[in-house]
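To start, the structure under review is shown below, and the notes come after it.
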Amino acid sequence: MGIFFALIASFAISDYWFGSFLKSHMTGFGSATTDSISFFISHSIGLLSLLAAITTVAVFLRSFIDADKVRKHMEKVSSIKGHGIAAGIGMATPFCSCSAVPVFTGFIRGGVPVSQAISFLVASPLVNEIAVIMLATTVGWSIAGAYAAMGFAIAVGAGVALRKFAKPSLTGIILVGITFNILF
């Protein structure tokens, strides 16, 4: 847990303090150049820290989830219902696309069908709680709700289309073996 909190602290420090620190100590550049360089460095450190923290949590949580139970449950549900569950989980998670990828790979390693994992991967960054709330406060809840519903429909549609039109070998359940920390 200490690593997680250190990574979150690193994110907060780099995102809120380090950029200003860099700007104040960079000389010899124009204002726009200084802003660009400090933004790039501070946000790169912050995003890498956030990605590492979310990956740490995903690995920690994965240790409590029985992959066989998840796979068996997702095999039992119908195609549309399974994609709806995956898209719903994607909508409920506050991940951007960079942090949804480790969760996506966890689904794949856990044996969830690829098309359902794709529904999660599309919904997670597309329908973000923060974006929906910001949209609602700007233009109203009806448009924010329509945005969330369309994002959900797009995610489910993407997964169903992948399952229906892609080669069966690409959309089946993939069990990945790990030997000597090398994926094969």
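For segment 35-46, putting each phi into the Karplus relation 6.51 cos²θ - 1.76 cosθ + 1.60 with θ = phi - 60° gives couplings of 4, 5, 5, 5, 5, 4, 5, 5, 6, 5, 4, x Hz, in residue order, rounded to whole numbers and with x for Gly and Pro.
Straight Cα distances below 28 angstrom link K164 to the lysines K69, K72, K76, K81, with same-chain residues fewer than 8 positions distant left out. If a/c stays under 1.5 just call it rounded; otherwise compare a/b with b/c (prolate if a/b is bigger, oblate if not). Do that for segment 72-140, with a ≥ b ≥ c from the square roots of the Cα gyration tensor eigenvalues. Oblate, since a/c reaches 1.5 and b/c is not below a/b.
Karplus-derived 3J(HN,Hα) values for segment 142-151, using 6.51 cos²θ - 1.76 cosθ + 1.60 with θ = phi - 60°, are 5, 6, 5, x, 5, 4, 5, 5, 5, x Hz; glycine and proline are entered as x. In this calculation the C-beta distance from T137 to Y16 is compared with R0 = 35 Å, giving a FRET efficiency of 0.95.
Per-residue Karplus couplings for segment 72-87, computed as 6.51 cos²θ - 1.76 cosθ + 1.60 with θ equal to phi - 60°, are listed in order as 5, 5, 5, 6, 6, 6, 5, 4, 5, 5, x, 5, x, 4, 5, 5 Hz, Gly and Pro entered as x.
If we count every other residue with Cβ under 13 angstrom of K81's Cβ, Lys/Arg +1 and Asp/Glu -1, where does the sum land? Summing Lys/Arg as +1 and Asp/Glu as -1 gives +1.
Is the shape of segment 2-61 rounded, prolate or oblate, going by the alpha carbon gyration tensor and its root eigenvalues a ≥ b ≥ c, with a/c under 1.5 for rounded and a/b larger than b/c for prolate? Here segment 2-61 falls in the prolate category.
The numbers here are math on the coordinates, done by the rules we state, and not lab data. Every value quoted in this text rests on a predicted model; they were computed, and no experiment measured them. Counting neighbours? That spans all protein chains shown, and the Cβs are built from the backbone with ideal geometry, glycine included.
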